[in-house]
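In what follows, a structure is listed as structure tokens, so that the remarks can point back to it.
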Amino acid sequence: MLQKFFKYIFQSMAGMLGISVYILADTYFISVYSGADGLAVLNLILPVYGLIYAIGAMIGIGSATRYAIDRAQGKSASFYFLSAVTWDILISIPLVLAGIFIPDKILQLLGADAGLTALGKQYLRIILAASPYAFTAFARNDSAPAIAMLGSIAGSMFNIVFDYIFMFPAGLGLTGAALATAFCPLVTMSICGTHYLGKHNQVGFRFRAPSLRHLIACCQLGVSAFVGEISSAVIAIVFNFLLLGLAGNVGVAAYGVTANLSVVAMCLFNGLAQGTQPLISESYGKGDHTQSRQFLTWGVIACLIVEAIILVLTWSMTDPLIQIFNQEQNAELLHYAHSGLRLYFLGFLFAGINILLVAYFSAVAQPKPAIAGSLLRGAVAIIPCAVTLARLFGLNGVWLSFLASEMITFFAILLLAKLGHSSKELHNFKII
């Protein structure tokens, strides 16, 4: 079982790391092309991309989790895949229309001035046209984590290569970066399609008319994934407005560097949680609660190791990491980002464990602690922490608010787990 656990989390983390690599490549190429203004635009648009990815994760992971549980219990699960795809398409329609007609209004709402709006309007229009799909979740839950990993990595490599080709040789600039990002999911979907059309596929393709009740039932187990992803968007919006007031566009650009580097850590922890989830769901579906808790324990130990590595790297290589994205050698940006990167990354002492815990409760069909924990780290705790600490400590307070909110979330999840001890799965709940 331990070997199977490492196989799942390694392949899932590798796939998610591939996603973070193309985001970093995007950031790097944009910093070369447009400097601090380009970084500011990218950071203002990051919440929109987070929303798209979060919707796909909620529908995909929620539906795939229900699929895994029902299949383990011997129930019919052949309709989950097409239902998820159908809802993805329906929900993408208003996003596409918003991109076509009001990208400038959205940028202004996110805090962009006239210059940043003109620079980022076409980029946002194309990003909103990239519909939210989550093909990898079903492949991972259908005993094909290697295919899911390969799909994510192939999509990321495509994005990196065509980022450069579209932006520089083709001369498309930020529009080219957006095009590369928009086409990336098509590559991932094509790779995953080799599993769905192969002989080892157990995912059914029975169509069922869209049902709002069915969607809600699936999203209950995917909402933790949604809030886990959307939390980055919410944090970015709050931080952007606070930093615009405290340090202007350069402050937002400095946060852009910090936020994009933090995407690597978030992807690693999301990958760890998503790799653990199918194993926990399968054990839970079979009634083996001892094994599902064992997977949680192994996941926590893995989280602690990853957290330690991340902190050592960010604190020992702070300035070299920042300079990768500071092509203009902007001293003010380096100053802001230096303290920002170090203080912000302290939050990952708790964030990784929190991401794993909400995934665990979703995997064992306990949506209440999962949703509560996700909402705390996604908005309920981070917003008041950011506003309060910014007033007390200025820029350093903004950076430290991530740590404060994750600490609050951690202790709240432990409390909720103890209060829910009557459930078979939560009885004698322990992290390690």
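Overview of values
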| item | result |
| --- | --- |
| Hits in the range 303-317 (condition: over 11 Å from Leu346 (Cα atoms) and in a helix (DSSP H, G or I)) | Cys303, Leu304, Ile305, Val306, Ile309, Leu313, Ser316 |
| Residues of the range 191-201 satisfying the condition of being surrounded by 14 or more Cβ atoms within 10 Å (Cβ to Cβ) and either over 24 Å from Ala363 (Cα atoms) or among the polar types (S, T, N, Q) (or both) | Ile191, Gly193, Thr194, Asn201 |
| Residue within the range 213-224 that is assigned to a helix (DSSP H, G or I), open to solvent by less than 10 Å² (accessible area, probe 1.4 Å), closer than 23 Å to Tyr33 by Cβ and not basic (Lys, Arg) present | no |
| Criterion: on the phi < 0 side of the Ramachandran plot and open to solvent by 40 Å² or more (accessible area, probe 1.4 Å) - qualifying residue of Ile45, Ile100, Ile19 | Ile100 |
| Phe81 being surrounded by fewer than 17 Cβ atoms within 10 Å (Cβ to Cβ) and of a type in the set (Phe, Trp, Tyr) | no |
| Residue in the range 37-44 that is closer than 25 Å to Asn326 by Cα, among the polar types (S, T, N, Q) and at pLDDT 85 or above present | no |
| Pairs with Cβ under 8 Å, 6+ apart, first in the range 207-227 and under 19 Å from Ala370 (Cα atoms), second open to solvent by 70 Å² or more (accessible area, probe 1.4 Å) and assigned to a helix (DSSP H, G or I) | Val227/Leu375 |
| Test result for Ser92, farther than 17 Å from Thr27 by Cα, of a type in the set (Ser, Thr, Tyr) and touching a Pro at 6+ places or on another chain (Cβ under 9 Å) | yes |
| Residue in the range 52-69 that is of a type outside the set (Lys, Arg) and surrounded by fewer than 20 Cβ atoms within 10 Å (Cβ to Cβ) present | no |
| Residues (surrounded by fewer than 20 Cβ atoms within 10 Å (Cβ to Cβ) and among the small types (Gly, Ala, Ser)) located in the range 276-321 | Gly287, Ala308, Ser316 |
| Within the range 125-178, considering residues that are polar (S, T, N, Q) and in a loop (DSSP other than H, G, I, E, B), the one surrounded by the fewest Cβ atoms within 10 Å (Cβ to Cβ) | Ser143 |
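The values are calculated or read from the model by the stated rules, or taken from the named source; none is laboratory data. Note that the structure is a prediction, hence the values are computed from the model and not measured. All Cβ positions, even for glycine, are placed from backbone atoms using ideal geometry, and neighbour counts span all protein chains on display. Protein only, heavy atoms only, side chains kept; ligands, DNA and RNA dropped before computing areas. Shrake-Rupley method; radii C 1.70, N 1.55, O 1.52, S 1.80 Å.
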